[in-house]
Amino acid sequence: MKNGTCWTILLALQIGLSAEALAQSNPRYIQFSPGAVKGALYTPDSGPAPHVGILATHRTSNYMGYLGCRELSARGFLVLCMNPRSDNNEALVRWEDNALDVKSGLNFLRAQAGITKVLLWGWSGGGATTSFYQAVAENGTGYCKGATKLVQCGDGLDRLPPADGLILVDTNPGNAASALRRLNGAVTNDSAILNQNAPAQIDHALDPFSTNNGYNSRGASTFTEAFQKRYFTAQAERMNRLIGLAQARLRDIENGAGRFSDDDVFLVAKAESAELMLLDPAIHHTTVHPQKLLKNDGTIVRQIVESVRPAQPQLFTQSSSLAQGALFLTLRSFLSAYAIRARHSMDDIEWCSTNNSVPCAVQAISVPLLVTAMGANNYLRFNETHYELAKSADKDFVVIEGATHGQTPCVACEATPGQYSNTVRNFFDYARTWINQRF
């Protein structure tokens with residue numbers, strides 16, 4: 001998620017927050033260790049003293065002003081919105097170490113007067129952070145080690161205190177799977193890009209931005225099933241090549257033959273903004289099975305749910321840029337947070353080859369689980385899969401009609417003004433009810 005917190009806050013202000021939510025305007029700054037780890041503690045201004053604490057965090061994003069901080073506090077919960085040690089810096093990510101920051105936040109909430117239960121709140125990429133933490137807390141470091149893992153966790157994750165419940169909010173499958181699906185599968189010369197500063201070479205038969213392959217610069221693209229199969233396979237092949245390149249360079253460093261003694265730059269060109277489903281909304285646009293849809297009027301129906309998301313043809317321009325199309329990482333941050341083995345980017349992924357994987361983690365978690373998806377985003381099927389794979393006996397899944405990834409209304413998706421005007425209230429009310437019924 002890029003700049004997610006900023007646009008969420010702006011959208012929330014544009015639609016107008018409730019007076020109750022605006023009353024929660026005095027969060028307390030909390031400093032953790034190391035110094036980059038910090039949080040904002042939101043306490044209800046009125047009503048009974050909270051007995052449930054909620055920890056919301058991510059991999060890199062600034063969560064201290066996230067919309068959910070005030071909305072959850074306004075509904076009676078003590079909320080810690082927390083920034084991890086790799087705050088706003090992808091190159092600093094050592095994925096497994098973020099669990100230590102979650103531990104600090106969870107222990108802090110448990111120490112607050114009156115708190116009897118602590119829940120983890122995972123929005124977007126935060127779903128991978130929180131689900132990984134809970135999986136290790138419930139199962140020990142055996143979960144995050146082994147021959148199948150690209151990166152092993154350290155022994156410092158032994159005996160993590162588990163949370164009492166987990167809420168996944170329109171989470172992606174993990175940053176590694178997201179990176180896989182955003183890769184431009186047509187790039188053929190990653191070794192030259194890394195070693196010779198060469199421009200990316202494109203296999204035009206796989207170019208997702210070629211009109212010959214189905215791209216439409218003015219609206220929704222239409223890619224044939226044959227092209228999709230070739231492209232999704234090519235994305236997996238490119239990811240596997242990148243993993244091989246990163247591992248080889250890291251071995252050189254460990255053998256004393258690298259440019260530096262600890263790590264090195266790993267720049268991936270055309271690594272973002274080439275996700276086929278964002279160009280062609282017909283790809284993965286519905287749930288597979290009938291699921292609960294929370295409609296704008298507050299009623300719930302069960303049906304095959306279809307995303308109302310618009311196409312994003314502008315990805316063509318973004319894909320070729322450094323700011324929006326490339327990943328500026330290190331060898332270790334790539335392997336830790338962005339690498340995953342696969343044979344097909346949609347349907348044949350080795351989910352547990354990385355520790356940054358929601359589909360792997362939910363199979364090892366037993367606490368009550370709420371999985372939610374926003375009806376104007378492209379994560380419907382992803383979250384349905386999380387729900388289906390989840391081990392938890394007490395689990396629930398709901399889609400919020402017309403909600404963007406940031407839980408705000410998708411105004412551009414509306415057929416009539418105000419069609420999706422209640423997304424924020426509906427979503428957070430549903431979460432409040434789910435929590436109160438269990439805790």
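Filtered by the rule that a residue be open to solvent by 60 Å² or more (accessible area, probe 1.4 Å), modelled with pLDDT of 90 or more and either outside any loop (DSSP other than H, G, I, E, B) or out of contact with any helix residue (DSSP H, G or I) (no Cβ under 9 Å at 6 or more places or on another chain) (or both), the stretch 12-45 gives Arg28, Tyr29, Gln31. Taking the criterion of being under 16 Å from the mean Cα position of the chain (by Cα) and either hydroxyl-bearing (Ser, Thr, Tyr) or under 13 Å from Ala163 (Cβ atoms) (or both), the residues of the stretch 108-125 that qualify are Leu120, Trp121, Gly122, Ser124.
Does at least one position in the stretch 155-162 carry a residue that is at pLDDT below 95, more than 28 Å from Val79 (Cα to Cα) and either in contact with a Gly (Cβ under 9 Å, 6 or more places away or on another chain) or open to solvent by 10 Å² or more (accessible area, probe 1.4 Å) (or both)? Yes: one or more hits. Checking each residue in the stretch 304-326 for being β-branched (Val, Ile, Thr), out of contact with any helix residue (DSSP H, G or I) (no Cβ under 7 Å at 6 or more places or on another chain) and in a loop (DSSP other than H, G, I, E, B) picks out only Ile304.
A count restricted to the stretch 167-198 and to residues that are small (Gly, Ala, Ser), within 14 Å of Leu267 (Cβ to Cβ) and outside any loop (DSSP other than H, G, I, E, B) stands at 3. Within the stretch 226-245, the set of residues being touching a strand residue (DSSP E or B) at 6+ places or on another chain (Cβ under 6 Å) and among the small types (Gly, Ala, Ser) comprises Ala236 only. The set of residues from the stretch 307-340 being without any contact (Cβ under 8 Å) to a residue 60 or more places away in the chain and open to solvent by 50 Å² or more (accessible area, probe 1.4 Å) comprises Gln312, Gln314, Thr317, Ser320, Leu322, Ala323.
If Lys270 satisfies every condition in (1) open to solvent by less than 20 Å² (accessible area, probe 1.4 Å); (2) in contact with a strand residue (DSSP E or B) (Cβ under 7 Å, 6 or more places away or on another chain) but one, which is the exception? So the condition that Lys270 fails would be (1).
Across the stretch 327-372, the qualifying residues are those that are outside any loop (DSSP other than H, G, I, E, B) and among the basic types (Lys, Arg), and the one among them that is modelled with the lowest pLDDT is Arg332. The set of residues in the stretch 285-303 being assigned to a loop (DSSP other than H, G, I, E, B), under 30 Å from Ala226 (Cα atoms) and either touching a Phe, Trp or Tyr at 6+ places or on another chain (Cβ under 8 Å) or without any contact (Cβ under 8 Å) to a residue 60 or more places away in the chain (or both) consists of Pro290 alone.
Evaluate the stretch 146-155: report whether one residue or more is touching a residue at least 60 places away in the same chain (Cβ under 8 Å) and either more than 29 Å from Asn98 (Cβ to Cβ) or out of contact with any helix residue (DSSP H, G or I) (no Cβ under 7 Å at 6 or more places or on another chain) (or both). Scanning the stretch 146-155, I find no residue that is touching a residue at least 60 places away in the same chain (Cβ under 8 Å) and either more than 29 Å from Asn98 (Cβ to Cβ) or out of contact with any helix residue (DSSP H, G or I) (no Cβ under 7 Å at 6 or more places or on another chain) (or both), so the answer is no. Do you know which residues across the stretch 65-103 are part of a loop (DSSP other than H, G, I, E, B), among the charged types (D, E, K, R) and at pLDDT 90 or above? Matches in the stretch 65-103: Arg75 only. Could you check, for the stretch 378-389, whether at least one of its residues is in a strand (DSSP E or B) and surrounded by fewer than 23 Cβ atoms within 10 Å (Cβ to Cβ)? For the stretch 378-389, residues in a strand (DSSP E or B) and surrounded by fewer than 23 Cβ atoms within 10 Å (Cβ to Cβ): absent. Residues in the stretch 419-429 include at least one that is surrounded by 24 or more Cβ atoms within 10 Å (Cβ to Cβ), modelled with pLDDT of 95 or more, among the aliphatic types (A, V, I, L, M) and assigned to a helix (DSSP H, G or I).
Remark: pairs (first residue in the stretch 420-431, over 16 Å from Cys69 (Cα atoms) and of a type in the set (Ser, Thr, Tyr); second residue in a helix (DSSP H, G or I) and open to solvent by 10 Å² or more (accessible area, probe 1.4 Å); Cβ separation under 7 Å; 6+ apart in sequence or on different chains) = Tyr420/Cys413.
Taken across the stretch 381-392, residues that are at pLDDT 95 or above, under 29 Å from Gln312 (Cα atoms) and among the aliphatic types (A, V, I, L, M) do not occur at all.
The values are calculated or read from the model by the stated rules, or taken from the named source; none is laboratory data. What you are looking at is a predicted structure, and each value in this text was computed from that prediction instead of being measured. Cβ coordinates were reconstructed from backbone atoms using ideal geometry, including for glycine residues, and neighbour counts include every protein chain displayed. The accessibility values were calculated without ligands, DNA or RNA, using every heavy atom of the protein model including side chains. Shrake-Rupley method; radii C 1.70, N 1.55, O 1.52, S 1.80 Å.
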